[in-house]
Amino acid sequence: MSEPGTEGSIGEQAYPLLFKPLSIGRETLQNRVVILPHGTSMLRDGAITADDIEYYRRRAATGPGMIVTGAAVVHPSSARRQRVLVEDYSDHVLPGLAERAAMMRGYGVVPIGQLVHLGRELIGMDSDIPAMAPSAIRSPRDPFAPREMDHQDITEIVAAFGHSAANLKSTGHAGTEIHAAHGYLPAQFLSPATNHRDDAYGGDPERRFRFLRELIEAIRTDCGDDFILGVRLSADEETGEGIEIADTLRIVEQLQSLGAIDYVSITLGTRGAYVKDLTQPEATAARAAGIVRANCDLPVIVGQRIMRPDLAEQLLADGQADMIGMARAFIADPDWLDRVREGQFERVRPCLGLNQDCRAFAPHLHCAVNPGAGRERVAPFDGNAPVERQRRIAIIGGGPAGLELARATALRGHQPQVFEASDGVGGQFLYAASVPNRAGLRKLIDFYQTDLRRLAVPIHLERRVETSADIGAEFDDVVIAVGARARDLPEEFAQPNVMNWWTVLSEGAPAPTGQGHALMVDDGTGFWWNYGVAEALVVAGWTVTYVTPATTVGYQIPVESMAPLLARLGRGDTRFRILTQLFDLDGSNAQLIDMTSGAVDEVAYDLAVLQTGREPVRLAEEAAFGSARVHRIGDCVAARRMANAVFDAQQLGMAL
């Protein structure tokens, strides 16, 4: 951050609105950047741990204006057996809350604690207490209907919000945010899709608003007027009969009329579909936020797929928001704000919008492109200390694993060189980026290339390496990162109108022939390698029958990506055959076996594409590199995902 009295950093001059202070309640934000609420699951028995605090410290240290911490539950009826949500209603969590808030204050950050009751949503966890909701309408994401809340339940939950907010105030938080978005309990009262009551809490918009109004009144009663109070809303729930922008404008008008709200945070969607993936446009909620802001005097936060500072600046200049919210951008690179402030946005490790590791919570938050996320206190990811002795490192392979290792070792002071057999870097990741709606994956390779140029790391293209003689110099370490290859088609299926899945990726989907019927045969892995190929066929004009032995469709695809993926495939009239295996192909008909009954039926096809899987590329024996220490990372160890390759590379790079 720039010193007082200076003209400001390069970034502050380039993005003056983004770095302009803003008054919210009795607090002044040092800039318009808000780290949006997102859970880490780095908790124990519902209480914050040192790991959670260190995760937030890495991001708070760059000086955002405000951090809204991940939702804390307000009542035991909304806690879960796993206890990975902050139980804000309980005294045992207060010391951790206080330590985390004080840490943020130390960096000039305004700490806000988000409060939630999940209502009918189990969020993929278990509960010993029956779910409750305004009406006994089952969530499409859970197997059992909730019980309908009576007036005693409502009174108890309203009081719980007030009590939990008071706990936040007592632990040094500047305010709280009511999570009234994404289909959780306050939103369930607001939405006509989930509130079918005919009493004082339902029946028309004014009565559906009553529950939220009582939450606000309870918090003001327990916390006073000097405590920031915000409300997060789904401007459009994107569900049938759910809240739409006209409903949101009415809700915001009611909020403003109370004179008790300090800001609103605008988002889109409900659980399972609100974390927009890379197939969705940037600044997804910006138009809705702009409409809200034009119709109220409350400060507005906008989030969802905002990664670039120039886009953030433009949203502020266009009057679509007063504050810019980001979560995944800071998961991928905790130094996002410092890089922008320094005028070096090209050095920001990009969030790809994969929604894989950051949404899997296995067992807590991680990141596909940043292995250090969620491991801030875990060696070797807990530091980046300069090396005492430089090592000359030959890296064979220019895919994500090789490039990540080159960057990690160069930053520490080693002397890496990359040797790539092809005429460009990126490896198989470029093919993953070649399928429809996945071009954004290339941002990771662009990031590596830019930073390796800055670090002056030599990259030798069209240099196939099998022994030390092919390297042409002495190295202390040789790291093999040559990836994996697609397995060949089985001989019995080597027919003119049968293709390997890899051919579609490397050469593109062919134009339809005959009746335009394509058969896509999954091997049961159910990941993007399969569904990306199917989508490429659909875009090329084929009608696809998707065959998989899996028990469900897309079980390895992140849940937030499934709805848009299925919609895109559905527009191409794709049909799915689960629990089905390919038995034979005769050139025009495929024999398919139902795995439950053993019955065999035939499906006509003009093109069959088979997923054959991948196998590690075997390069050379360690003896081929003389006295150098030899390491292997990424897919050449075992064919996995990009996230695994980057993890291997950074782990080795931090340890060498």
For this session: Give me the distance between the Cα centres of the stretch 106-146 and the stretch 634-651, rounded to whole Å.
Result: 35
For this session: Just the number, please: carbon plus sulfur as a percent of the accessible area of the stretch 261-376, 1.4 Å probe, no ligands or DNA/RNA counted.
Result: 43
Exercise. Of the heavy-atom accessible surface of the stretch 487-616 (probe 1.4 angstrom), what whole percent is carbon and sulfur?
Worked result: 51
Problem set entry | Net charge of neighbours whose Cβ lies under 9 Å from the Cβ of residue 268, counting Lys and Arg as +1 and Asp and Glu as -1 | -2
Exercise. Once the Cβ-Cβ distance between residue 206 and residue 91 is put in as r, and R0 is 22 Å, what FRET efficiency do you end up with, to the nearest 0.05?
Worked result: 0.05
Exercise. For the stretch 1-132, which whole percent of the accessible surface, found with a 1.4 angstrom probe, sits on carbon and sulfur atoms?
Worked result: 50
Exercise. Remind me, what semi-axes does the stretch 164-223 give for its equivalent ellipsoid, largest first in whole Å, using sqrt of 5 times each Cα gyration tensor eigenvalue?
Worked result: 26, 12, 7
Exercise. Which angle from 0 to 90°, rounded to the nearest 10, does the C-alpha axis of helix 151-170 make with the longest principal axis of the chain?
Worked result: 80
For this session: May I ask you to evaluate 6.51 cos²θ - 1.76 cosθ + 1.60, the Karplus curve with θ = phi - 60°, for each residue of the stretch 454-460 and list the ³J(HN,Hα) values in order in whole Hz, giving x for glycine and proline?
Result: 4, 7, 6, 7, x, 10, 9
For this session: Can you tell me the 0 to 90 degree angle between the C-alpha axis of helix 400-412 and the longest principal axis of the chain, rounded to 10?
Result: 70
For this session: Tell me which residues come under 5 Å, amide H to amide H, from residue 631 once H is placed; ignore anything under 5 positions away on its chain.
Result: 478, 479, 480
Problem set entry | Rounded accessible area per residue of the chain, 1.4 Å, Å² | 39
Seminar exercise, completed: Taking Rh as the Kirkwood radius computed over alpha-carbon pairs of the stretch 190-234 and applying Stokes-Einstein at 25 °C with viscosity 0.890 mPa s, one gets a diffusion coefficient in µm² s⁻¹ of 210
For this session: Can you tell me how much longer the chain between residue 308 and residue 81 gets when fully stretched, taken as 0.36 nm per residue apart minus their C-alpha distance, in nm with one decimal?
Result: 77.9 nm
Seminar exercise, completed: With R₀ set to 51 angstrom, the calculated FRET efficiency between the beta-carbons of residue 586 and residue 238, to the nearest 0.05, is 0.70
For this session: Lys and Arg at +1, Asp and Glu at -1: add these up for the other residues within a Cβ distance under 12 Å of residue 630 and post the number.
Result: -2
Exercise. How long is the chain along each principal axis, judged by its Cα atoms, biggest number first, in Å?
Worked result: 75, 67, 45
For this session: Scan around residue 44 for amide H atoms under 5 Å from its own, H built in the peptide plane at 1.01 Å from N, and keep only partners 5 or more places away or cross-chain.
Result: 49
Seminar exercise, completed: Env charge @ residue 211, Cβ radius under 12 Å, K,R +1 / D,E -1, value 0
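Kindly rank 607-618, 561-572 from highest to lowest mean number of other beta carbons found within 10 Å of each residue.
The densest-packed peptide leads the list: 607-618, 561-572.
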Seminar exercise, completed: Whole-Å distance linking the alpha carbon centroid of the stretch 577-604 with that of the stretch 485-519 is 17
Exercise. Karplus couplings for the stretch 274-282 from phi (6.51 cos²θ - 1.76 cosθ + 1.60, θ = phi - 60°), rounded to Hz, Gly and Pro as x?
Worked result: 9, 8, 6, 8, 5, 7, 9, x, 4
Exercise. Quick one: if the Förster radius is 51 Å, what FRET efficiency do residue 390 and residue 137 give, using the C-beta to C-beta distance and rounding to 0.05?
Worked result: 0.20
Exercise. What does the convex hull of the Cα atoms come to per residue for the stretch 443-575, in Å³?
Worked result: 187
Exercise. Using modelled amide H (1.01 Å from N, peptide plane; none on Pro or chain starts), what sits under 5 Å from the amide H of residue 197, excluding residues fewer than 5 places away?
Worked result: 203
For this session: Work out how much length residue 217 to residue 527 would gain on full extension: take 0.36 nm times their residue separation and subtract the Cα-Cα distance, in nm to one decimal.
Result: 106.9 nm
Problem set entry | Cα lying deepest toward the dipole's positive end in the chain, options 251, 228, 21, charges on Cβ | 21
Exercise. How much length is gained if the chain between residue 415 and residue 638 is pulled fully straight, taking 0.36 nm per residue apart and subtracting their Cα-Cα distance, in nm to one decimal?
Worked result: 77.6 nm
Problem set entry | Rg/Rg_ref, the stretch 294-431, where Rg_ref = 2.2 N^0.38 Å and atoms are Cα | 1.29
For this session: With both partners inside the chain, how many of the DSSP beta bridges are antiparallel, as a percent to the nearest 5?
Result: 20
Seminar exercise, completed: Between the Cα axis of helix 245-258 and the main Cα principal axis of the chain, the angle (0 to 90°, nearest 10) is 40
Exercise. Measuring from label point to label point, each 7 Å out along Cα→Cβ, what is the residue 318 to residue 344 span in nm?
Worked result: 3.0
Problem set entry | Table column - 3J(HN,Hα) (Hz), the stretch 16-27, Karplus curve with 6.51, -1.76, 1.60, x for Gly and Pro | x, 6, 5, 9, 7, x, 8, 8, 10, x, 9, 10
Problem set entry | Heavy atoms of residue 443 accessible to a 1.4 Å probe, total area in Å² rounded to 10 | 80
Seminar exercise, completed: Output for the stretch 67-196 (equivalent-ellipsoid semi-axes, sqrt of 5λ from the C-alpha gyration tensor, Å, descending) is 28, 14, 13
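The values are calculated or read from the model by the stated rules, or taken from the named source; none is laboratory data. Note that the structure is a prediction, hence the values are computed from the model and not measured. Please note: Cβ atoms are built from the backbone with ideal geometry, for glycine as well, and neighbour counts cover all protein chains shown. Surface areas here come from the heavy atoms of the whole protein model, side chains and all, with no ligands, DNA or RNA. Shrake-Rupley method; radii C 1.70, N 1.55, O 1.52, S 1.80 Å.
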